[in-house]
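The values are calculated or read from the model by the stated rules, or taken from the named source; none is laboratory data. Remember, predicted model here, so these are calculated numbers, not experimental data. Here Cβ is always computed from backbone atoms with ideal geometry, including for glycine, and neighbour counts include all displayed protein chains. Calculation scope for accessible area: heavy atoms of the full protein, side chains included, ligands and nucleic acids excluded. Shrake-Rupley method; radii C 1.70, N 1.55, O 1.52, S 1.80 Å.
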Amino acid sequence: MNCATVDVIIPTYKPDNSFSVLLKRLSEQSFPVSNILIINTEEKYWNPELTRGIPRAEVFHIAKQEFDHGATRNMGVGFSTSDYIVFMTQDAMPKDRKLIWNLLAPFADPLVKVSYGRQLPRKDCHLIEGYIRNFNYPKKSSVKSAEDIKTLGIKAFFCSDVCACYDREYFRQAGKFAEPCIFNEDMIFASTVLKQGYKIAYAADARVVHSHNYSNYQQFCRNFDNGVSQAMHPETFAGIRSEGEGLRLLKSTAAYLNDIGKSYMIPGLIAQSAWKYAGFRMGKHYKILPDRVVAACTMNKDFWSYHCTE
């Protein structure tokens with residue numbers, strides 16, 4: 001593994017000065033990054049100062065209508081010749097200098113083709129969101145195979161390109177990410193990994209700081225796109241229910257709030273969960289919705305203008 005090479009691919013849109021901190025931390029990793037490949041949406045929003053002093057950082061610009069969760073990342077892979085590729089988002093801050101090393105460690109098992117890291121809540125993260133972050137990204141590492149689909153359901157496919165590492169040659173041979181793709185490009189690919197007899201590793205020691213304080217409406221829109229992606233990819237999601245996992249999370253979060261003496265927050269939790277569920281169910285039935293309703297529900301309006309397929 002010491003001889004392996006790694007490129008990091010990051011899609012960006014209007015990155016702020018914190019992005020330069022992220023790049024600096026990547027350049028200081030104990031396992032050296034060969035190249036940082038930035039696929040930036042809209043050149044007019046790019047500040048060249050962000051990459052000043054960062055070695056081997058390259059920027060490729062695309063128009064807003066060209067952005068696609070799968071195609072944009074596939075574009076980045078096309079510029080890479082490394083053994084492994086790490087996908088990150090512009091707001092996922094490496095926690096320490098061992099992020100890349102810890103993402104690579106699970107590949108000592110030749111059956112592991114994807115690993116993904118732990119997402120820690122930001123300091124300004126709301127209490128409920130912080131708990132959900134820790135629920136989805138626990139302290140203990142794990143490895144998932146096709147045998148886990150029966151017991152874990154959709155959680156067997158869980159993987160996040162906020163911070164994930166892929167065997168580049170396998171990624172290419174397996175067909176790369178789905179295109180077009182409004183959401184869940186990582187989970188769709190992860191299902192292929194398991195169905196082909198390989199494994200996905202959750203590397204809890206590979207840590208990034210990443211969370212969002214979404215409003216209920218933003219949660220609705222995000223889950224609408226989640227529902228759309230599941231409806232568009234029945235080869236991955238048909239027959240695998242995800243609502244049960246949402247209910248388990250709701251119950252666990254409510255119990256946590258009660259345990260810490262904040263049961264008064266449970267009605268807000270229930271309301272947030274209702275917004276999420278409504279968005280998800282509407283997304284699953286997007287084909288019967290008028291265009292104006294879809295436009296009001298989605299987080300990715302450009303997708304419907306330029307990428308939507310039946």
Exercise for review: On a C-alpha basis, how far is the centre of segment 78-103 from the centre of segment 229-250 in Å? Whole number, if you could?
Suggested key: 28
Exercise for review: On a C-alpha basis, how far is the centre of segment 1-45 from the centre of segment 271-286 in Å? Whole number, if you could?
Suggested key: 34
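Top to bottom by accessible area (1.4 Å), largest first, where do 233, 61 land?
On the way: 233 20, 61 70 Å².
Putting 233, 61 in descending order of accessible area: 61, 233.
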Practice item. Can you tell me the dipole magnitude for the chain around its Cα centre, using point charges on the Cβ only (Lys, Arg +1; Asp, Glu -1), in Debye to the nearest 20? Key: 840
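Could you work out the helix-only [θ] at 222 nm for the chain, with each DSSP H run of four or more residues adding -39,500 (n - 2.57) and the total divided by the number of residues, to the nearest 500 deg cm²/dmol?
That calculation yields -11500 deg cm²/dmol at 222 nm.
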Practice item. Could you go through segment 119-126 in sequence order and give the Karplus-derived ³J(HN,Hα) for each residue, using 6.51 cos²θ - 1.76 cosθ + 1.60 with θ = phi - 60°, rounded to whole Hz, and x for Gly and Pro? Key: 9, 8, x, 5, 4, 8, 5, 5
Review point. Quick one: in the chain, what % of C-alpha pairs are over 38 Å apart?
Key: 10
Check your understanding: Looking only at Cα atoms, what is the convex hull volume of segment 161-202 per residue, in Å³?
Key -> 74
Check your understanding: Between residue 112 and residues 5 or more places away or on another chain, which pairs have amide H atoms under 5 Å apart, with H built 1.01 Å from N, and which residues are they?
Key -> 199
Practice item. Averaged over every viewing direction, what's the projected area of the C-alpha convex hull for segment 87-205? Give it in nm², one decimal, please. Key: 8.0
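Tell me, what is the per residue accessible area of segment 213-310 in Å², probe radius 1.4 Å? If you can, show how the numbers build up before the last one.
Numbers: 5570 Å² over 98 residues.
So segment 213-310 comes to 57 Å² accessible per residue, rounded to a whole number.
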Study note, to complete from the structure: With a 1.4 angstrom probe the carbon and sulfur portion of accessible area for the chain, in percent, totals 52
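Would you mind getting the accessible area per residue of segment 99-168, heavy atoms of the protein chains only, 1.4 Å probe, in Å²? Provide the component values of the computation, followed by the final result.
Details: 3110 Å² over 70 residues.
So segment 99-168 comes to 44 Å² accessible per residue, rounded to a whole number.
Compute the length gained on full extension between residue 98 and residue 3: take 0.36 nm times their separation in residues and subtract their Cα-Cα distance, giving the result in nm to one decimal. Spell out each step's value before the answer.
Values: separation 95, 0.36 × 95 = 34.20 nm, distance 1.62 nm.
Using 0.36 nm per residue and subtracting the Cα-Cα distance, I get 32.6 nm.
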Study note, to complete from the structure: Amide H contacts under 5 Å for residue 57, restricted to residues at least 5 apart in sequence or on another chain and with H modeled in the peptide plane, are 36
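Of 155/284; 98/139; 95/150; 98/155; 98/251; 44/176, which ones are farther than 24 Å apart at the Cα?
Working: 155/284 18 Å; 98/139 16 Å; 95/150 34 Å; 98/155 26 Å; 98/251 34 Å; 44/176 29 Å.
Pairs exceeding the cut-off: 95/150; 98/155; 98/251; 44/176.
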Study note, to complete from the structure: Using alpha-carbon positions, the gyration tensor of segment 211-271 gives root eigenvalues a ≥ b ≥ c; with a/c under 1.5 called rounded, otherwise prolate if a/b exceeds b/c, else oblate, the class is oblate
Check your understanding: Accessible area, 1.4 Å probe, largest first: how do 97, 207, 168 sort?
Key -> 97, 207, 168
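Please report, in debye to the nearest 20, how large the charge dipole of segment 235-310 is about its Cα centre when each Lys and Arg carries +1 at its beta carbon and each Asp and Glu carries -1 there.
Numbers: 10 positive and 7 negative charges, 46 e Å.
Charge dipole of segment 235-310: 220 debye, to the nearest 20.
Compare 135, 189 by solvent-accessible area with a 1.4 Å probe and give them largest first, with all protein chains kept in place.
Working: 135 40, 189 5 Å².
Result, largest first: 135, 189.
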Point to revise | With all protein chains modelled, accessible area of residue 304 [1.4 Å, Å²] | key: 60
